[in-house]
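Working notes, beginning with the structure itself.
The values are calculated or read from the model by the stated rules, or taken from the named source; none is laboratory data. Remember, predicted model here, so these are calculated numbers, not experimental data. Glycine also receives a Cβ, built like all others from the backbone with ideal geometry; neighbour counts cover every protein chain displayed. Note: areas computed on protein heavy atoms with side chains; ligands, DNA, RNA excluded. Shrake-Rupley method; radii C 1.70, N 1.55, O 1.52, S 1.80 Å.
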Amino acid sequence: MNLFSTTFTSLENALQYASLRQKVISNNIANADTPNYKAQDVSFKNVLQDSVDSIKTYRTDPRHFDFSTDTAGASIVTEPNVTYNNNGNSVDVDTEMANLASNQIYYESLIELEKGKLSSLVNVVKGGQ
């Protein structure tokens, strides 16, 4: 019997993604004046694929989708051909600040979801009291 459902694993993966994205966005903002620095972001496709891979599926028909693929996890990507400033820097501080705020809201909502799940477990352990 598994005490913790796959929800905790999914929430943990999402929190790791949000944490990595926070670091990448902060790094972009810190390098806003660095010549030839290219803004980076975290590839969500790999994180989503990891979550899909954690789902246990059983194919009862050959026409059903097969969810098993091999991915390496989150990766940081750089857009090499984008330039906003004359010095070759591609960091737009307004965009990065908006991304930072959006990521912070996403992170806090994940924390609230995890707190709710843990609260449910505590309630079960205490016998509903």
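Conditions tested, residue by residue: (1) under 18 Å from residue 14 (Cα atoms); (2) open to solvent by less than 80 Å² (accessible area, probe 1.4 Å); (3) in a helix (DSSP H, G or I); (4) at pLDDT below 90.
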| position | (1), (2), (3), (4) |
| --- | --- |
| 47 | yes, yes, yes, yes |
| 60 | no, no, no, yes |
| 73 | yes, yes, no, yes |
| 82 | no, yes, no, yes |
| 111 | yes, yes, yes, no |
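Looking only at residues in segment 1-44 that are in a loop (DSSP other than H, G, I, E, B) and among the small types (Gly, Ala, Ser), which one is farthest from residue 112 (Cα to Cα)? Step by step, filter segment 1-44, then rank; the result is 32. Among the candidates 22, 16, the residue that is surrounded by 17 or more Cβ atoms within 10 Å (Cβ to Cβ), within 21 Å of the chain's Cα centre (by Cα) and in contact (Cβ under 8 Å) with a residue 24 or more places away in the chain is uniquely 22.
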